[in-house]
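Data block below; observations after.
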Amino acid sequence: MDSDNRLGRFLQARRALVQPEDAGLPAGTRRRVAGLRREEVAILAGVSIDYYVRLEQGRERSPSAQVVDALARALDLEGDAVEHLHRLARPVGPRPGGRTRQEQVSPVLLRMMEGWHNTPAVVLGRCLTVLADNALGRALFAGHTHGGDLLRLVFLDPDARRFYPDWDRVAVNTVAGLRANAGTDVDDPQLIATVGELSLRSEEFRRLWARHDIRQKTHETKRFRHPLVGELTLDYESLTVNSAPGQQLVVYQAESGSPSEEALALLGSLTAAEHEGSHPHQPSSHQPSSHQPSSKDTHT
């Protein structure tokens with residue numbers, strides 16, 4: 001992980017993504033680096049070249065808020081990325097013990113989700129593992145090798161590109177969301193293990209992680225190609241769980257009167273028929289592990 005010089009690595013990664021012409025600079029023909037040069041960022045931010053070099057090298061670690069804002073403008077950062085840059089410039093101390101925080105889902109939230117019979121809902125942990133779901137949320141993501149882990153579903157599941165028709169966009173947003181969840185706390189053992197595994201097993205994940213995109217999961221329209229009911233276009237809203245920092249409640253809904261609403265209703269009826277006569281499903285929180293679950297015991 002990049003824990004020793006997080007600010008410098010972020011600045012370096014982001015300036016490589018800014019094209020000179022987008023910053024009002026001549027592109028030239030003799031560039032040896034991708035994106036902007038260090039001196040160009042310094043000029044755009046209104047700081048000395050030596051000062052900016054020291055920032056990237058980790059020899060200057062406490063830029064003022066005004067300098068951080070100037071750097072954000074020079075690098076064309078917005079929203080979550082600007083907030084992340086400020087956090088990197090004012091890091092908090094490491095968590096005691098360096099242990100992974102236990103992720104427990106509130107029993108009240110579990111009961112609430114189970115009452116949403118027509119609405120898929122899942123609770124995600126910091127590394128985008130599924131901590132809990134309701135019946136329709138489980139059915140929405142059922143049948144995949146990595147159904148209980150959104151990150152591994154996107155990058156490691158053999159059916160991912162079919163399941164997500166807009167896979168490229170989903171992949172970018174998933175990695176950006178993971179970085180947003182992690183914030184400056186990149187020493188979490190679970191995060192280190194997750195990023196390490198995905199970096200080794202997926203070239204696409206490794207490339208996207210190196211971009212340092214930061215974008216919190218909020219709301220979006222997402223397309224699915226479900227093996228039982230076909231095409232689904234669903235809006236989702238991601239809500240923070242205030243009683244459990246780091247957890248997200250993600251709720252999906254189809255547009256009223258749309259074919260996707262009919263398909264979602266069909267999926268709900270198939271799910272109800274499958275579980276008819278059985279005890280109601282009681283989702284429970286769990287701790288992610290190195291165990292690779294089978295399609296029989298996973299859900300996302």
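Quick check on my filter: what residues within the stretch 8-60 are touching a Pro at 6+ places or on another chain (Cβ under 8 Å) and of a type in the set (A, V, I, L, M)? Passing the criteria: 27, 36, 55. Checking each residue in the stretch 20-34 for being within 24 Å of residue 83 (Cβ to Cβ) and either exposed (fewer than 13 other Cβ atoms within 10 Å of the Cβ) or modelled with pLDDT of 85 or more (or both) picks out only 22. On the stretch given as the stretch 238-260, residues that are surrounded by 17 or more Cβ atoms within 10 Å (Cβ to Cβ), at pLDDT below 95 and either outside any strand (DSSP E or B) or on the phi > 0 side of the Ramachandran plot (or both) total 3.
Go through 130, 123 for me and flag whichever is touching a His at 6+ places or on another chain (Cβ under 9 Å), buried (at least 22 other Cβ atoms within 10 Å of the Cβ), of a type in the set (Val, Ile, Thr) and in a strand (DSSP E or B).
Numbers: 123 fails: touching a His at 6+ places or on another chain (Cβ under 9 Å).
Going through 130, 123 in turn, the sole match is 130.
Taken over the stretch 161-194, the residue count meeting the criterion of being closer than 19 Å to residue 217 by Cα and part of a helix (DSSP H, G or I) is 18.
Only one of the listed residues (81, 13, 72, 42) is outside any loop (DSSP other than H, G, I, E, B), within 22 Å of the chain's Cα centre (by Cα), surrounded by 15 or more Cβ atoms within 10 Å (Cβ to Cβ) and without any contact (Cβ under 8 Å) to a residue 40 or more places away in the chain. That residue is 72.
For the stretch 101-110, the criterion of being modelled with pLDDT under 90, over 30 Å from residue 54 (Cβ atoms) and assigned to a helix (DSSP H, G or I) is met by none of the residues. With the requirement that a residue be surrounded by fewer than 16 Cβ atoms within 10 Å (Cβ to Cβ) and part of a strand (DSSP E or B), what does the stretch 224-237 give you? Matches in the stretch 224-237: 225, 230, 231, 235, 237.
The values are calculated or read from the model by the stated rules, or taken from the named source; none is laboratory data. Note that the structure is predicted; figures quoted are calculated from it, not measured. Every residue, glycine as well, gets a Cβ built from its backbone with ideal geometry; the counts of neighbours run over all protein chains shown.
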